[in-house]
Amino acid sequence: MFRPVRHPAIPARGLEPVAERIIMANVVVVGAQWGDEGKGKIVDWLSERADVIARFQGGHNAGHTLVVDGKVYKLNALPSGVVRGGKLSVIGNGVVLDPWHLVREIAAIREQGVTITPETLMIAENTPLILPIHGELDRAREEAASKGTKIGTTGRGIGPAYEDKVGRRSVRVADLADDATLVARVDRALQHHDPLRRGLGIAPVDRDALIAQLREIAPQILPYAAPVWKVLNEKRRAGKRILFEGAQGALLDIDFGTYPFVTSSNVIAGQAATGVGLGPGAINYVLGIVKAYTTRVGEGPFPTELDDADGNRLGTRGHEFGTVTGRKRRCGWFDACLVRQTCATSGVNGIALTKLDVLDGFDTLKICVGYDLDGARLDYLPTAAEQQARCTPVYEEMPGWSQSTEGARSWAELPAEAIKYVRRVEELIGCPVALLSTSPEREDTILVTDPFAD
Ligand code: IMP
């Protein structure tokens, strides 16, 4: 019988070999609360084993602090991978980029001895830029907002820059390469911005000065511009490990957060794929970063917020001040209900539980297990802001522990009550602990599951 001979290089039905056959663990790290969960340390810890570290949303509203060999690095826009040699760091199209801030950040990090070149840093050509007009608009709106409508933004122009992206009037990285396009893109943006500014009592934009500023910064940004979607697809086919570094937290997500008190990007894990130009199959493991209690900066609902000595104690022991704005963070008990929700919307496979040591010395700990709304018990936070504001937490109490857990590197070093607390958190959120972090030092970590293990 005649059998057609198929050349091994030509797969069935003429399709290209699919990347899905390559079993590689690409990991997404997302904050599973309102940001500031301690992602910096975990991302740094994981980045040692990654080949590529990619930012996929947000902008320089993020503040990531890394401690490497005793040296402290503070990053806003740059992926955390830049501080480790031999890695490719990527700013994906899902990010909004302030080019002036980036150039300053690169200069500051170079001063600390870090090498950054177009081989180690790539910026997606289709990344929208944050212009000075975005920051001005952000701050003017916040100033003009009445009580109850202020968002408490970082004032860095994130929201207005994303508005221009979906409004199809952004200046993008690629536009910096061609002067006529650049001028046309600026004019398109100003058609929208000048009337807005008039309404808020801000002077019209100095068009020529803005174009001059962009022309000046262009040669400092363009060397890093690349078709990131293509580079990352090639890396993936070559079996390289990609670490997707999320910023903010899932409760600040534009769709699933406590709207309108949210940031303007999708923060949840699904954004990792669209924010760099890979298919959803590229994500193998989602690690949610979860603080052992809850904090929030800015306005908006916070059911377990503590306005008392316990809240102050969490803030003081946890050094809860914003890294970007220096604002005092609001503090409260652990909200298992909210974390169960964010684990679901991000498809979290395992969590990294951070700052357990901040709970040392409390006689009793409370965990929110649901809400009471008009006498009805809810197991999720309702969507309507008005209902969110009326939800009161239902607490479960657990005994605390008096011993220190700071710096623990094994379960054996933890008091029994601390282990019970961690186990109860796992049960309530329906997700296992993969890592437990007990201090800012990278070695002070208890590893249960390696997210990068194939
Ligand atoms: P925006 O992202 O500057 O527009 O701010 C919107 C909200 O997100 C405000 O409540 C900010 O405090 C909050 N936010 C933005 N970035 C971060 C972050 O990196 N950590 C914690 N909160 C953030």
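Quick look at the values:
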{"item": "Cα-based reach from Lys165 at 24 Å (exclusive), listing lysines while leaving out same-chain residues under 8 positions away", "result": "Lys150, Lys230"}
{"item": "Normalised alpha carbon radius of gyration of segment 286-387 [divisor 2.2 N^0.38 Å]", "result": "1.11"}
{"item": "Accessible area of the chain belonging to carbon and sulfur atoms, whole % at 1.4 Å probe", "result": "52"}
{"item": "Gyration tensor over alpha-carbon atoms, the chain, equivalent ellipsoid semi-axes in Å", "result": "36, 30, 21"}
{"item": "Glu441 paired with Trp411, simple spin-label distance in nm, labels 7 Å along Cα-to-beta-carbon", "result": "2.3"}
{"item": "Cβ crowding within 10 Å averaged over residues, with 180-193, 435-448 ranked highest first", "result": "435-448, 180-193"}
{"item": "Mean-position separation - Cα centroids, segment 366-430 and segment 133-171, in angstrom", "result": "34"}
{"item": "For segment 355-426: span of alpha carbons on each principal axis (Å, largest first)", "result": "44, 19, 17"}
{"item": "Simple label model, 7 Å out from Cα along Cβ direction - Asp308 to Tyr259, nm", "result": "3.5"}
{"item": "Cα→Cβ-extended label distance, 7 Å offset, between Asp69 and Leu378, nm", "result": "5.1"}
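The values are calculated or read from the model by the stated rules, or taken from the named source; none is laboratory data. Note that the structure is predicted; figures quoted are calculated from it, not measured. Positions of Cβ are generated from backbone atoms using ideal geometry, with glycine treated the same way; all protein chains shown enter the neighbour counts. Just so you know, the surface numbers come from the protein's heavy atoms only, side chains and all, with ligands and any DNA or RNA stripped out. Shrake-Rupley method; radii C 1.70, N 1.55, O 1.52, S 1.80 Å.
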